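K.L.:
Provided herewith is a single structure, encoded as structure tokens, for subsequent inquiry.
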Amino acid sequence: MNSTDSESIVNYKQGLLDQTFRDSVSTISKEGNRNYVNPQKPHGKLYNLRSYFSYFYLVLFFTLPFIKIEGEPVFLFNVLERKFIFFSKIFWPQDFFIFAIGLLTFIVFVILFTVAFGRIWCGWACPQTIFMEMVFRKIEYFIDGDATQQKKLKAMPWNTEKILKRGTKIIVFFLLSFLIANFFLGYIIGIDEVGVLIKEGIFVHFGTFSALVIFTLVFFFVYYWFREQACIIVCPYGRLQGVLLDRNSILVAYDYIRGEPRGKLDPSSNHGDCVNCHACVRVCPTGIDIRNGTQLECVNCTACIDACDEIMDHIDKPKGLIRYASENGIVNKQKTTYTWRLKLYTLVLTLLLSFLAILLITRADVAARILRTPGQTYQLLNKDKISNLYNIKLVNKTRKNIHLELKLENIEGEIKQVSPVDVPKESYFQTSFFITLKNEQLKARKTKIRIGVYENGKQMDELSVLFLGPSI
Ligand code: SF4
Ligand code: SF4
């Protein structure tokens, strides 16, 4: 088949696809009301695999705040106190450049990853999807039953069954939201602080309690009612898909070349493999029909792959009518392979992450800043010596108290400290010191000198300052 043939087949097959879906949003009715989605409970190989992944994430989410290294949590995002801990390393405002590079790496990572692998993140690792589909949705299936029972329950008058089920669901969802809010807050202020709130009561820690209530209400609102709207309307990542994806991006995709023209199973017809059973639509948590092509609403949850594979099994056709594939892969009937392009992207991502890792590992434990004391010039001592007064500010980023020494690196002279440089752990410290030089060492009014900051004989930092003397 030459390229013109294949192009005309694609055009023909694409012509068979109904395009009217573009005029509306699946979750908004013609009257402008919310179309509440009741997806059928998915099952299948990929759903099981996603469940196992999510159990792992959930265990991580609920245990990480309790894991401490040298008395500090592994992760902390305390924006209020500007204290951030990543993988047990404490970051201070002075480490902002690492944070900025980390952010940049993250953005590039997201872009390259999405260009290559589409929205795999959304389906397999996004906390919103994990909590919604793997926690709250499962509880909903348990209380209300599958999609058909849910719709029946909704249409029912407020009888005992409906009141009981709705009441149970609200209580369970609220308690779970409260639990998640506690842990979420634990990642911000530390789980110990949350424990203190519980122990000492809400009136002593009213601010923290208010944050807890707000988080609980937000989570409850999102998981009880807002649901897929968070992905469709709020999430900026979903909105970016239109500009990030291309014909080689691997996505959950319907093979329209194989599936169209769709129609009832009839060996005598020239229908494609899609039997128009709508199983893929019924399981979709965002209420879309993947056969319409890539859509902003698709969170790549793979529920439609499992559903369609089951149908293909029943009708004795090969699985994979809906599968992870790129548009080019579908048109050229190629299997999804790890192409050179993907290898290149992976290499760039690896390099970026390695660069960030090096920055993190080599980050200095002590940051120092020396400034000449304002309003002071120089002091003449015994006619043959001159001294200057300096202020030093230090940040100890480690978890131990440290004693530091200051040494002149490029010139003979004397440093006289006003007080010992003992910097408490995770703290700022400030003191003053004099540098005294002999007159003959000065060759100009300003002399550049370097000062080393040492701990146990190991240089932690080196700084340059200017030493002032009389005009020569
Ligand atoms: S589940 Fe498969 S066969 Fe059924 S409508 Fe969807 S794509 Fe077609
Ligand atoms: S189209 Fe398929 S992969 Fe996309 S959200 Fe719906 S069920 Fe999930």
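K.L.:
Check each of the trypsin sites (Lys or Arg not before Pro) in region 304-339 and keep only those in coil by DSSP with at most 13 other C-beta atoms within 10 angstrom; list them in order.
P.N.:
Of the trypsin sites (Lys or Arg not before Pro), the ones in loops of region 304-339 whose Cβ has at most 13 other Cβ atoms within 10 Å are 333, 335.
K.L.:
Let me ask something additional. Counting each DSSP H run of 4 or more residues in the chain as -39500 (n - 2.57), what helix-only mean residue ellipticity at 222 nm follows after dividing by all residues, to the nearest 500 deg cm²/dmol?
P.N.:
Only helices count here, giving -13000 deg cm²/dmol.
K.L.:
Further question on the same structure: Where in region 116-144 does the amide nitrogen come within less than 16 Å of the point 7 Å from the Cα of residue 162, taken along Cα to Cβ?
P.N.:
Counting only backbone N, you get 144.
K.L.:
Here's a follow-up. Please state the charge dipole magnitude for the chain, taken about the Cα centre, from unit charges on C-beta atoms (+1 on K and R, -1 on D and E), reported in debye and rounded to the nearest 20.
P.N.:
680
K.L.:
A further question follows. Under a 5 Å amide H to amide H cut-off, with H placed in plane at 1.01 Å, what residues pair with residue 385 once short-range neighbours are removed?
P.N.:
Amide H to amide H, under 5 Å and 5 or more residues apart or across chains, residue 385 pairs with 439.
K.L.:
Can you return the lysines within cross-link range of residue 83? Criterion is Cα-Cα under 28 Å, with same-chain partners fewer than 8 residues away left out.
P.N.:
Reachable lysines: 68, 199, 393, 397, 400, 425, 458.
K.L.:
Let me ask something additional. Taking a virtual spin label 7 Å from the Cα of residue 68 along the C-beta vector, which residues in region 183-210 bring their backbone nitrogen under 12 Å of it?
P.N.:
Those under the cut-off are 190-196.
K.L.:
Ranking 395, 59 by Cβ neighbours within 10 Å, fewest first, what do you get?
P.N.:
Going from sparsest to densest Cβ surroundings: 59, 395.
K.L.:
For the ranges 72-82, 37-47, 169-179, 252-262, what's the packing order if you count other beta-carbon atoms within 10 Å of each residue, average per peptide, and put the highest first?
P.N.:
Ranking, from highest mean packing down: 252-262, 37-47, 169-179, 72-82.
K.L.:
Could you tell me which trypsin sites (Lys or Arg not before Pro) in region 358-454 are loop residues by DSSP with no more than 13 other beta carbons within 10 angstrom of their beta carbon?
P.N.:
Sparse-neighbourhood loop trypsin sites (Lys or Arg not before Pro): 383, 400, 443, 445.
K.L.:
Still on this structure: What is the set of long-range amide H partners of residue 251 at a cut-off below 5 Å, with H atoms built 1.01 Å from backbone N?
P.N.:
325, 326
K.L.:
I need the phi-derived Karplus couplings for region 402-408: 6.51 cos²θ - 1.76 cosθ + 1.60, θ = phi - 60°, integer Hz, Gly and Pro marked x.
P.N.:
Rounded to whole hertz, the list is 10, 10, 10, 10, 10, 9, 7.
Read-outs: derived from the displayed coordinates by stated rules, not from any lab. If you're wondering where the values come from, they're calculated on a predicted model, not measured in any experiment. Backbone-built Cβ (ideal geometry, glycine too); neighbour counts: all protein chains shown.
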